[in-house]
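Undergrad: Dropping the structure in here first, questions after.
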Amino acid sequence: MGRSMRQVRHLLVVATNSVSHSVSVLPAQYFDVALVDLDGVVYRGADPVPHAAQALRRARDAGMTIAYVTNNAARTPQEVAAHLTELGAPAQPNQVITSAQAGANLIRRTLGEGSWRILAVGGPGVSAALLAEGLQPIHSADDGPHAVLQGFGRNVSWTDLDEVATAVGRGVTWVATNPDTSIPTPRGHSPGNGALVQAVSLATGREPDFVAGKPYTPLMEDSIARTGARLPLVIGDRLDTDIEAAISTGVSSLLVFTGIASTLQVLRAPVFQRPHFVGVDLRSMFDEHPPLHQTPVGWQVGDARAQIVGSPAQVQLWAPLVTCAQWASAFRLLCHVAWSTDADYSTALAQLQGALAHLGDGSAR
Ligand SMILES: [Mg+2]
């Protein structure tokens with residue numbers, strides 16, 4: 001966790017200009033499994049994201065396997081699936097893959113078979129994941145834990161953190177479910193699991209031995225193994241979790257603008273957080289994502305064309321922006337120009353932001 005692990009990992013990421021591919025792609029037909037993030041993609045807090053449930057049903061009916069891949073370790077897969085079903089999304093508990101499950105699986109593989117005692121901190125999802133792996137959740141550092149699994153839960157207290165710190169101080173293997181430092185709430189931001197993990201880090205001078213959730217790879221690798229995916233597509237709303245995890249795992253990704261990421265963030269994204277595809281929302285699984293072509297004067301994606309003019313250099317964009325598919329082509333084109341040149345793209349970005357405000361549900365930036 002923390003900076004050092006991230007830096008090491010980033011050295012392993014192969015530099016990629018992610019938007020390039022040579023053929024038109026219709027994601028729902030091209031990919032066999034969708035690894036879908038939840039908050040900001042299917043729902044926002046208690047509210048459904050417009051079009052999401054319907055698009056997921058359509059993808060399922062088109063033969064795609066849908067799995068929900070979430071850093072949220074507090075809830076059990078049963079609870080998550082019940083919530084999704086309420087929203088109309090196709091979801092059985094075995095389609096929900098949590099960072100608590102990935103953390104428990106990682107501990108079981110690290111320790112091997114056996115009736116190991118694991119200090120469990122977090123919501124019901126943490127203990128449930130350990131039990132499902134045949135591990136025994138315990139709650140005191142004095143009961144001789146063989147490992148610690150630390151995840152988020154609304155009732156996690158100082159006493160729980162004290163148990164983690166005591167076990168960690170004694171050298172017990174420490175696994176964190178996910179590194180998210182904050183949780184968005186209607187009132188602002190609350191401490192997430194990463195913040196509680198850092199409290200223990202500050203107290204003990206240690207960092208977790210493993211982090212299961214996005215942007216680290218165990219959760220993605222588990223999701224691919226469990227679904228038997230040959231050609232998975234990661235779909236998410238955050239660059240620093242969903243897209244980075246996809247790139248670190250070496251799989252394709254689709255960023256949707258129904259959650260956290262803004263258009264400006266994507267244009268400024270470092271190479272290890274650049275999505276392959278972009279879409280206004282989940283309906284973009286059924287849109288053509290045409291290849292990028294070089295033209296005599298610039299570049300083209302679908303009907304969108306761009307070139308660099310003037311001094312200082314500016315990006316000039318010509319694109320019909322009536323449909324979501326046209327918008328996605330134009331934005332992917334602008335991504336290519338922004339990621340490969342130093343030209344000023346502010347006018348083209350304003351054009352695309354204006355269109356997105358009409359095409360999206362009003363939350364996108
Ligand atoms: Mg999200």
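Laboratory data are not the source of any read-out in this text; all were calculated from the coordinates shown. Note that the structure is a prediction, hence the values are computed from the model and not measured. For neighbour counting, all protein chains shown are included, and Cβ atoms are generated from backbone atoms with ideal geometry for every residue, glycine included.
Undergrad: For Gln92 and Ala46 in one chain, what is 0.36 nm times their gap in residues minus the Cα-Cα distance, to one decimal in nm?
TA: Between Gln92 and Ala46, full extension yields 14.7 nm more.
Undergrad: Residue by residue, what Karplus-based ³J(HN,Hα) values in Hz, rounded to whole numbers, does region 252-269 have, using 6.51, -1.76 and 1.60 with θ = phi - 60° and x for Gly and Pro?
TA: Whole-Hz 3J(HN,Hα) from phi for region 252-269: 6, 9, 10, 9, 10, 9, 10, x, 7, 5, 9, 4, 5, 4, 5, 5, 9, 5.
Undergrad: Viscosity 1.567 mPa s, temperature 4 °C: Stokes-Einstein D of region 233-316 from its Kirkwood Cα radius, in µm² per second? Intermediate values should be presented prior to the final figure.
TA: Working: Rh = 14.1 Å.
It comes out at roughly 92 µm²/s.
Undergrad: Now a separate question. Report the Stokes-Einstein translational diffusion coefficient (µm² s⁻¹, integer) for region 100-211, Rh taken as the Kirkwood radius over Cα pairs, at 20 °C with viscosity 1.002 mPa s.
TA: 156 µm²/s
Undergrad: Using alpha carbon centroids, what distance separates region 203-231 and region 314-365, in Å?
TA: 33 Å
Undergrad: Also, I was wondering about something else. Averaging sequence separations of C-alpha pairs under 8 Å and six or more residues apart, then dividing by the length of region 27-81, give the relative contact order as a whole percent.
TA: Relative contact order for region 27-81 comes out at 45 percent.
Undergrad: Relative contact order of the chain, please, whole-number percent, based on alpha carbon pairs below 8 angstrom and at least 6 residues apart.
TA: Working: 778 pairs, mean separation 65.2, N = 365.
RCO, the chain: 18 percent.
Undergrad: Another question, if that's okay. What are the semi-axes of the equivalent ellipsoid of the chain, taken as the square roots of 5 times the eigenvalues of the Cα gyration tensor, listed largest first and rounded to whole Å?
TA: Semi-axes from the Cα gyration tensor: 39, 21, 18 Å.
Undergrad: Taking the Cα-to-Cβ direction at Val297 and at Leu231 and moving 7 Å from each Cα, how far apart do the two end points lie in nm?
TA: 3.6 nm
Undergrad: Continuing with the same structure: 7 Å from Cα along Cα→Cβ at both Leu202 and Thr323: what's the point-to-point distance in nm?
TA: Those two pseudo-labels are separated by 5.3 nm.
Undergrad: Compute the FRET efficiency between Leu264 and His189 as 1/(1 + (r/R0)^6), taking r as their Cβ-Cβ distance and R0 = 22 Å, and round to the nearest 0.05.
TA: 0.65
Undergrad: While we're here: For region 223-365, what ratio Rg/Rh do Cα atoms give with a Kirkwood hydrodynamic radius?
TA: 0.97
Undergrad: Please give the length that would be gained between His139 and Thr110 if that part of the chain were fully extended, namely 0.36 nm times their separation in residues minus their C-alpha to C-alpha distance (nm, one decimal).
TA: That pair, His139 and Thr110, stretches by 8.4 nm at full extension.
Undergrad: Give the calculated FRET efficiency between Ser311 and Leu26 to the nearest 0.05, with a Förster radius of 30 Å applied to their Cβ-Cβ distance.
TA: For Ser311 and Leu26, the calculated efficiency is 0.15.
Undergrad: For every helix of n ≥ 4 consecutive DSSP H residues, a contribution of -39,500 (n - 2.57) applies; sum these over the chain, divide by its total residues, and give [θ] at 222 nm rounded to the nearest 500 deg cm²/dmol.
TA: The helix-only estimate for the chain comes to -11000 deg cm²/dmol at 222 nm.
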